[in-house]
Each structure stands twice: as C-alpha cells, then as structure tokens.
Amino acid sequence: MRASIAIHKLTSCSGCQSVILNLGDDLLVLSRLVEIRHFIEAGLNDFDADVDIAFVEGSITTPEDEARILKVRERARFLVAIGACACSGGVQALRNVKESGGWAGAVYANTAYLDSLAESRSVAQLVKVDLELWGCPISGRQLIATVRALLQGVPPVLPTEKVCQECKRAGNVCVLVSRAEPCLGPVTRAGCGALCPSFGAPCYTCFGASEQPNCEALGERLVGLGIPQRQVAERFVSISSGLKPYQDEWQRLRIPAKQVD
Ligand code: SF4
Ligand code: SF4
C-alpha cells in the first residue's frame, strides 16, 4: 500500500502550496510515490484523513489555526512544517515585535469581524514537528527529496550552512562586498541556491537562520558600509521576524522612532 500525505493550510498566502501545484512532472512523480488525500488547492478535500505525512503551510495566527493544528497532529505519523510562516510565524510575526495596534484599521474599513491572536506562532510552538522545510516559498526539490527520504525510513539531509556558500559555488559576485547591499546571506540558511544574489538582489532571510548566525558582526559590518542603522535593523525583522537571533539584532540596532523624527 502506498504511503499517504496531506497538505494543510493555516494562515498563509498559499505560496508554498502553489510551489507543490507547480511542480510539473515532479507532481506526477509525487502522486505515484504517495496517495495525496488532502490538498485543497488541487481540489482534494479530506481534512480528517489519517495520513503518514502531513505537510503544514501557515502560521498559528487565529483561534481556528490553534484548533486545526491539534487535529492535524493527531492524524499524522510525521508532521512537516513547510515555509517561513509554519517554521517561524512568517511575516505575520511582525506583530510580535512591533506596535501593531493600528495596522488592521489602516487596511480594513471595519475590524469588528477580525479574530486574530495577539501573536503569530510557528507550528512547533504548539505541537511536535518532525521536520521543517524553510523558504518563502519552499523549494519543491527539497520537498520531493524529503518525501523520498521519509519513505525510505531515513532522515532527510537538509543544509544548515549559509546562503553565502551557495553564492560562492554559483560564482556570484557578492552584492554586499561589491555594491554595499544589505545582504543577510551570511546569517541565512542555504537551500534556495542563492536565488536573490544570483539576480543581483540582497538576501532577506526567507530560509531562516543558518548554523551559528553571527547577526551582531553582520549588523556592524552593514552599518560600517554606510547603510543607515535603522534600515539595517529593519532588514533583520521581515519575513523571519519570529526568530530570536534576528529579533535580538533588531533590538540592538533599532533607534526609537522619536529619536529619528
Ligand atoms: S551576495 Fe549575500 S549571500 Fe552572496 S556571498 Fe555576498 S553576502 Fe553572501
Ligand atoms: S537568497 Fe535569501 S531571501 Fe532570497 S530566496 Fe534565498 S534565502 Fe530567500
């Protein structure tokens, strides 16, 4: 009998699910390897199915997310968090570090129908997570490799080194050194193939923290290059603002608004 999987969605933009949907021929490979029981974006709706592997996209941001993740955990042998939202709280976790009281009112005409928790949390903050696949969005290649490894009964091998290593292997010219761009590749986990620097753009941490992230040294280096301190501080809290090493550097560098107005 084939192993079964489910792909669940909590609070998120559905970008990681879209990566799976856009796998092309690899999606056919995936459907031969496993039985896909729940994947709303592909039209398969069986939320209550027991499965071998549950992939979970999205952060815990609403009371509904809290209730759903408990059920997902009960019904899965392995639970794999996919994407920056599920692994760190995502961009929604900006509310965890910033004064966010006025944000909803700036976007919605009527906030009475919103039912959000005070903080955005990663899946691992509520239930046991067996594996995390990082990225915003995830790498489809990593997802397929993970399914193959779990089916063989071996732990998937995921990189913990820094994006800089991939950048060097790709032969990129460093945007930090050559153009003084605020690249956070030196403190970000590899796995994307150095996507942004390969197109001349600085990394903004979507694969989360690398092994031994020396955020303080990098922050000092970026400020030393002449990038305004406040701008450097804000770079550390964007897509992965739920992570402590990045929060700590933001706290260290940030200048209270009243000092710069
Ligand atoms: S461009 Fe960024 S990721 Fe690439 S080597 Fe330079 S600092 Fe590292
Ligand atoms: S370079 Fe950085 S921001 Fe860009 S895809 Fe890779 S990890 Fe994400």
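The values are calculated or read from the model by the stated rules, or taken from the named source; none is laboratory data. No experiment lies behind these values; they were computed from the predicted model shown. Using ideal geometry, Cβ is built from the backbone for each residue, glycine included, and neighbour counts are taken over all protein chains shown. Protein only, heavy atoms only, side chains kept; ligands, DNA and RNA dropped before computing areas. Shrake-Rupley method; radii C 1.70, N 1.55, O 1.52, S 1.80 Å.
Among the trypsin sites (Lys or Arg not before Pro) found in region 13-69, not one is both in a DSSP coil and sparsely packed, with 16 or fewer other Cβ atoms within 10 Å of its Cβ. When its C-alpha radius of gyration is set against 2.2 N^0.38 Å (N residues), region 163-254 gives a value of 0.98. Taking every DSSP helix (H) stretch of at least 4 residues in the chain, weighting each as -39,500 (n - 2.57) and dividing the sum by the residue count yields a mean residue ellipticity at 222 nm of -10500 deg cm²/dmol. Farthest toward the positive end of the dipole of the chain, out of S139, C196, C87, is the Cα of C196, where the dipole comes from beta carbon charges about the Cα centre. Average accessible surface for the chain: 50 Å² per residue, computed with a 1.4 Å probe over protein heavy atoms with every protein chain in place.
With the biggest extent put first, the Cα atoms of region 1-133 measure 52, 29, 24 Å across the principal axes. Think of region 22-83 as a dipole: +1 on every Lys or Arg Cβ, -1 on every Asp or Glu Cβ, centred on the Cα centre; then among F47, V72, I60, V72 lies furthest on the positive end. Of the chymotrypsin sites (Phe, Trp or Tyr not before Pro) found in region 1-64, those that fall in a DSSP loop while having at most 15 other beta-carbon atoms within 10 Å are F47. Taken over the C-alpha atoms, the chain has Rg and Dmax values of 19.3, 65 angstrom.
When a 1.4 Å probe is rolled over the protein heavy atoms, the share of accessible surface on region 163-254 that falls to carbon and sulfur comes to 53 percent. By the rule of a C-alpha distance below 16 Å, with chain neighbours fewer than 8 residues away ignored, the lysines paired with K98 are K244, K258. Here the chain is treated with +1 on each Lys and Arg Cβ and -1 on each Asp and Glu Cβ, and its dipole about the Cα centre works out to around 480 debye. In this Cβ point-charge picture (+1 for Lys and Arg, -1 for Asp and Glu), region 3-152 has a dipole of about 240 debye about its Cα centre.
Could you tell me the relative contact order of the chain? Use alpha-carbon pairs under 8 Å, at least six residues apart, and round to a whole percent. In percent, rounded to a whole number, it is 16. Restricting the chymotrypsin sites (Phe, Trp or Tyr not before Pro) of region 161-255 to loop positions (DSSP other than H, G, I, E, B) with no more than 11 neighbouring Cβ atoms within 10 Å leaves F199.
Within straight-line reach of K71, meaning a Cα separation under 20 Å, sit the following lysines at least 8 residues removed in sequence or on another chain: K9, K128. Roughly to the nearest percent, how much of the accessible area of region 48-134 is carbon and sulfur, given a 1.4 Å probe? In region 48-134, the share of accessible area belonging to carbon and sulfur is 49 percent.
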